[in-house]
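The values are calculated or read from the model by the stated rules, or taken from the named source; none is laboratory data. Being a predicted model, the structure only gives us computed values, none of them experimental. Every residue, glycine among them, receives a Cβ derived from its backbone with ideal geometry; neighbour counts consider all protein chains shown. Accessible surface is based on the protein model in full, side chains and every heavy atom, while ligands, DNA and RNA are left aside. Shrake-Rupley method; radii C 1.70, N 1.55, O 1.52, S 1.80 Å.
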Amino acid sequence: MSKINLVIDHIQVSVESGSTILEAAKKMNIKIPTLCHHEDLCVAGNCRVCMVEQVGSDRLLPSCATPAAEGMEILTNSLKVRNARKSVIELLVSEHRAECTRCYKNGTCELQHLSSEYLIGEDSLIDLVPLKEFTIDYFSPSIIKDDSKCIRCQRCVRSCDQLQNIGALSVAYKGQKMKIASFFEKPMYEVVCTNCGQCVNRCPTGALIERNYIDEVWSAINDPQKHLVVQTAPAVRIALGEALGMEPGKIVTGKMVAALRRLGFDSVLDTDFSADLTIIEEGNELLQRLKGALVDKDPNVKLPMTTSCSPGWIKYIEHMYPQLLGNVSTAKSPQQMFGALAKTYYANKINVEPENMVSVSVMPCTAKKYEANRPEMHSSGYKDVDLVLTTRELARMIQQAGIDFLALENEEYDSIMGMSTGAAVIFGATGGVMEAALRTAYEVVTGRDVPFDGLNILPVRGMEEVKEASIKIENPLPAWAFLDGVELKTCVAHGLANAKKVMDRVVKGEANYHFIEIMACPGGCLGGGGQPIPTNKEIREKRTRAIYEEDAGKPIRKSHENPEVIKIYDEFLVKPLGHKSHELLHTSYTERNRY
Amino acid sequence: MPKKNLKRLDLIFKNELDGEQILEKTIKRSKQDIINDLIISGLKGRGGAGYPTGLKWKLAGESEGDMKYVICNADEGEPGTFKDREILTQVPMKVLIGMAVCAKVIGAHQGFIYLRGEYKFLLDNLNEVIDDFHVLLNKIGFDFRVKVFLGSGAYICGEESALFESMEGHRGEPRNKPPYPTQSGYRKMPTVINNVETLAHTYSIFKYGPDKFKDLGVQDSRGSKVFSVSGDTPTPGIYELEFGMSLQKFVEDFGDGDAKAVQVGGASGFCVPRKKFGRTVIGYQGKLTGESLPTGGSMMIFNSSRSMYNVLHNYLEFFVEESCGQCTPCRVGTQQLLLGIEAVKRGERPSEYLDKLLKLAENMRVTAKCGLGQSVANSFSSIVENFKEEMIY
Ligand SMILES: Cc1cc2nc3c(=O)[nH]c(=O)nc-3n(C[C@H](O)[C@H](O)[C@H](O)COP(=O)(O)O)c2cc1C
Ligand code: SF4
Ligand code: SF4
Ligand code: SF4
Ligand code: SF4
Ligand code: FES
């Protein structure tokens with residue numbers, strides 16, 4: 001890579017060719033304000049807040065969109081630059097229903113932050129808000145879209161298009177009427193939106209936010225009649241700290257458990273437990289399908305089988321590839337397995353009437369909110385999961401409760417349904433479900449450890465868009481003799497744009513995989529829409545490292561060795577894919593419109 | 001009867017019957033020779049920005065790309081201009097030959113005419129000429145095809161990068177520059193995009209040589225230019241005049257004797273008040289000082305019965321509508337300017353608010369993403385500064 005030399009604020013700097021001025025400045029620890037820019041997305045250059053001056057040139061340059069060029073002389077803080085930036089922020093505010101004290105993003109909003117930094121005063125421009133009509137869409141259980149807070153940076157549009165390849169949001173109209181709209185401006189819950197929240201995670205303002213259930217949870221906690229059960233998803237523990245002032249990549253499981261007890265949850269349990277259970281059910285389903293296909297030659301058996309634990313992915317395939325719904329594992333997501341068991345098995349164990357139980361989950365995900373509200377998710381006879389919080393909402397509750405998170409001593413999950421393995425932990429990373437499933441399935445079939453050094457199945461790890469791995473089965477146990485010599489072929493994709501690439505090949509019959517893992521969000525759940533903001537490539541990598549660290553440190557690293565999982569089959573479920581499992585742990589899917 | 005200070009020219013609209021010969025002769029020449037001729041001629045783009053045409057072709061020729069394209073910009077959306085329509089009606093073959101020579105120079109095999117939606121009525125005739133043109137190309141064995149692409153009516157789609165987006169089936173939003181079209185244009189491939197008139201001029205240069213073209217006009221503003229004259233004039237219409245003319249002479253020839261201002265270059269151009277007519281030259285004389293004004297060709301004359309407030313109000317309404325809306329300074333700034341002058345006029349804001357608006361316009365000029373937002377300040381500041389009383393009272 002060739003180098004480019006330029007001068008920024010009178011200091012010489014050398015950067016790789018192709019870098020933008022913004023990147024060059026960042027390298028020198030000069031912070032240039034941005035709004036439309038996001039590391040995960042292509043350059044837009046539309047907010048015009050990142051302007052810098054090139055000495056000798058009349059117009060300013062957008063630093064996020066301008067490549068650094070040899071010999072450039074850039075000023076990032078000249079009077080002309082400051083005036084221009086201030087003018088841009090003033091314009092945005094004049095078009096904005098700025099009522100920060102009543103806004104969900106109060107304190108975390110990028111526009112608010114810049115307005116304060118640039119001292120946007122009262123004496124400014126004409127307020128355009130009363131002259132316009134705005135739509136506020138609060139019909140979805142996952143996402144609220146409030147156009148009066150939108151600065152039209154199009155980060156959401158680019159997230160949905162580039163990361164997810166869906167295009168649920170796009171730019172409509174021009175001039176003063178220009179806005180971000182869903183298909184025919186229908187409510188979000190009626191259009192092809194997966195509720196993944198990637199747009200929410202990248203919206204700099206309060207225009208796209210998660211529907212929060214904080215007050216509902218507080219009410220339940222304070223209801224003496226209610227027994228509050230909370231479950232925490234694998235990816236929450238490696239990101240929660242970020243929202244509470246810690247560096248990315250810190251594992252805070254013990255502190256999180258302690259905080260949840262302080263908040264007033266009666267049972268603090270772990271979605272990791274049901275992640276292990278998912279592996280048992282889904283792994284057995286895969287083996288059953290393989291047997292059906294290879295031994296019984298049953299033409300109705302659908303392969304490849306895909307995972308089902310990402311509700312964004314489920315909604316996506318229901319819309320986009322309904323013909324392939326038979327390929328999706330019928331196993332519920334860990335959240336919903338947990339919910340169904342909480343109000344049956346667990347309620348029974350602790351002697352609480354299920355109607356007096358409130359089941360709360362903490363998820364890295366906004367789609368889980370939608371999932372919990374699916375009509376079919378009532379297998380316990382009640383709503384299996386009552387309220388879903390994102391990682392961000394939990395952080396907010398911890399702040400509201402005045403808990404000094406950093407000072408908390410580590411605590412352990414309650415038992416039962418609080419124990420988990422390394423296999424469950426890695427559910428939070430792309431490739432994790434695949435790795436966990438292979439650790440178990442291979443051992444079930446052969447009686448031996450999966451043939452990877454230290455159980456680490458490296459080919460399915462990492463941020464590559466689509467990953468493939470295969471394992472040849474040799475010397476299986478007698479019951480699985482039909483698998484002898486079979487090369488088990490797997491594929492892993494994260495982000496729906498990548499999922500689409502794989503599924504298009506499946507449709508064309510060009511994908512000869514047996515098992516496909518799909519996570520709707522880039523990087524898997526650790527990059528979920530409900531995770532702390534910002535989420536970007538660098539942060540996803542740090543969270544990933546934390547996840548594999550947690551796995552490596554676990555005494556048990558295979559789902560089928562989880563003692564509580566073994567126990568629940570002994571006491572309650574009887575056997576994988578058995579009658580009880582079907583009733584509580586498996587589900588069916590709904591074909592939806594493609595538009 | 002209007003005076004005749006300015007010489008009327010007849011280069012562009014003269015019907016030439018030797019197209020075939022000129023094309024055959026020219027594409028046999030070396031690329032370098034053709035580019036040199038264009039550079040010597042001093043031809044600058046007639047779409048408004050005035051980029052040297054020879055240089056544009058040279059850069060596109062040097063760019064690497066699997067495909068290259070030549071595009072004729074016939075979107076002609078600037079209020080008050082209708083010269084490109086006239087050229088495409090009367091001498092379309094000149095434009096096509098210009099495109100073919102450009103294709104030869106840069107190595108393109110596909111060309112497009114991006115025709116303004118409202119000019120659909122030209123389509124049949126144009127397609128017939130293109131058929132003849134293809135026959136001609138076959139005859140001389142040159143592999144090049146031209147297709148007409150019909151625009152959909154948004155003013156912003158005349159901006160070159162928004163035009164590419166629109167041709168690619170996307171929303172007509174201008175792109176970031178760099179990269180420029182010569183590096184990455186239509187389908188991200190090196191592209192020359194020229195105005196209709198620019199291409200027609202290249203024909204004259206190929207036919208008569210660069211010196212004849214250069215002899216017309218003045219330094220930095222060479223050749224002739226087609227003007228669309230409108231407003232308070234007894235003789236509205238299309239005129240081919242020498243470039244670099246004095247505005248004073250122009251007003252003497254075309255005004256009704258009572259001109260108080262001329263808007264040069266349409267809504268995105270500059271307004272020149274009577275007292276500055278004598279000092280103003282129409283062309284690209286050195287740096288833009290307000291005394292040398294480029295134009296896509298629109299010349300609108302206002303006499304003393306006109307309210308310059310209303311004129312500005314109209315322009316601002318146009319921009320508020322026609323902004324693509326993607327960038328902050330233009331989307332919001334245009335609305336603020338419009339509401340701002342209304343508020344001052346109604347007495348809801350003090351007259352000093354105009355100073356704030358002038359600063360805003362200046363900030364829009366230096367921060368907006370494309371020529372549209374950047375040039376709102378041209379008409380805004382020139383009208384507000386020169387006719388301040390009319391804004392307030
Ligand atoms: C808002 C806007 C509208 C434009 N509309 C036109 C147009 O209608 N026709 C045109 O030739 N150029 C138009 N242009 C200029 C083009 O972007 C481009 O500079 C021109 O087509 C280049 O051709 P030239 O070098 O021959 O002038 C427009 C520019 C802007 C910013
Ligand atoms: S979106 Fe930001 S600026 Fe707007 S009201 Fe909310 S906090 Fe304030
Ligand atoms: S939630 Fe996901 S699918 Fe829905 S609009 Fe946002 S990015 Fe697109
Ligand atoms: S909704 Fe948010 S991300 Fe989308 S354009 Fe508006 S402010 Fe930007
Ligand atoms: S200046 Fe106006 S027309 Fe140009 S990109 Fe910005 S909003 Fe669109
Ligand atoms: S951050 Fe550069 S233009 Fe928006």
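Here is how the numbers come out for the structure above:
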quantity	calculated
Condition broken by B:E352, with the remaining ones in (1) more than 7 Å from chain A (Cβ to nearest Cβ); (2) open to solvent by less than 30 Å² (accessible area, probe 1.4 Å); (3) more than 20 Å from B:P273 (Cβ to Cβ) satisfied	(2)
Any hit, segment A:38-61, residues being under 26 Å from A:E538 (Cβ atoms), among the small types (G, A, S), more than 9 Å from every other protein chain (Cβ to nearest Cβ) and surrounded by 14 or more Cβ atoms within 10 Å (Cβ to Cβ)	no
Any hit, segment B:83-100, residues being part of a strand (DSSP E or B), under 24 Å from B:F164 (Cβ atoms) and touching a strand residue (DSSP E or B) at 6+ places or on another chain (Cβ under 6 Å)	no
Inter-residue pairs, beta-carbon under 9 Å, first open to solvent by 20 Å² or more (accessible area, probe 1.4 Å) and in segment A:527-551, second within 16 Å of ligand 4 (Cβ to nearest atom) and aliphatic (A, V, I, L, M), 6+ apart	A:I533/A:V200
Every residue from segment A:506-544 that is within 30 Å of A:V445 (Cα to Cα) and not in a loop (DSSP other than H, G, I, E, B)	A:V506, A:V507, A:F515, A:I516, A:E517, A:I518, A:M519, A:C525, A:T544
Helices (runs of 4 or more DSSP H) contained entirely in segment B:13-64, each with at least 2 residues that are under 18 Å from the mean Cα position of the chain (by Cα)	B:53-62
Output for segment A:172-212, where each listed residue is outside any helix (DSSP H, G or I) and either open to solvent by 30 Å² or more (accessible area, probe 1.4 Å) or acidic (D, E) (or both)	A:Y173, A:K174, A:K179, A:K186, A:P187, A:E210, A:R211, A:N212
Count of residues meeting criterion [within 13 Å of ligand 3 (Cβ to nearest atom) and open to solvent by less than 10 Å² (accessible area, probe 1.4 Å)] in segment A:143-154	1
Exclusive hit being in contact (Cβ under 8 Å) with a residue 60 or more places away in the chain and either away from chain B (no Cβ under 12 Å) or assigned to a loop (DSSP other than H, G, I, E, B) (or both), set A:I74, A:I126	A:I74
Filtered residue count, segment A:40-63, keeping only those that are in contact (Cβ under 8 Å) with a residue 24 or more places away in the chain and either farther than 20 Å from A:I30 by Cβ or within 15 Å of ligand 5 (Cβ to nearest atom) (or both)	12
Filter result for the condition that a residue is more than 14 Å from chain B (Cβ to nearest Cβ) and at pLDDT 95 or above, over A:G175, A:G167, A:G197	A:G197
Qualifying positions in segment B:355-393 - within 14 Å of chain A (Cβ to nearest Cβ), open to solvent by 10 Å² or more (accessible area, probe 1.4 Å) and more than 26 Å from the chain's Cα centre (by Cα)	B:D355, B:K356, B:K359
A:K86, sole failed condition from (1) within 14 Å of chain B (Cβ to nearest Cβ); (2) part of a loop (DSSP other than H, G, I, E, B); (3) not aliphatic (A, V, I, L, M)	(2)
Selection count where residues are within 14 Å of chain B (Cβ to nearest Cβ), in contact with a Ser or Thr (Cβ under 8 Å, 6 or more places away or on another chain) and either within 16 Å of ligand 5 (Cβ to nearest atom) or modelled with pLDDT under 95 (or both), scope segment A:179-194	1
Some residue of segment A:90-99 being exposed (fewer than 14 other Cβ atoms within 10 Å of the Cβ) and either away from ligand 3 (no atom under 16 Å from the Cβ) or within 14 Å of chain B (Cβ to nearest Cβ) (or both)	yes
Flag if B:S307 is open to solvent by 20 Å² or more (accessible area, probe 1.4 Å) and among the hydroxyl-bearing types (S, T, Y)	yes
Spans of strands (runs of 3 or more DSSP E) in segment A:1-57 with at least 2 residues over 25 Å from A:V93 (Cβ atoms)	A:3-8, A:11-16
Matching residues, segment A:378-402, being in a loop (DSSP other than H, G, I, E, B), aliphatic (A, V, I, L, M) and open to solvent by less than 10 Å² (accessible area, probe 1.4 Å)	A:V385
Within segment B:146-232, helices (runs of 4 or more DSSP H) holding 3 or more residues that are touching a Ser or Thr at 6+ places or on another chain (Cβ under 6 Å) and closer than 22 Å to B:I12 by Cβ	B:196-208, B:210-215
Index of the failed condition, B:D215 passing every other in (1) closer than 30 Å to A:T20 by Cα; (2) away from chain A (no Cβ under 14 Å)	(1)
Any hit, segment B:338-348, residues being within 11 Å of another protein chain (Cβ to nearest Cβ), in a loop (DSSP other than H, G, I, E, B), more than 23 Å from the chain's Cα centre (by Cα) and over 19 Å from A:S87 (Cβ atoms)	yes
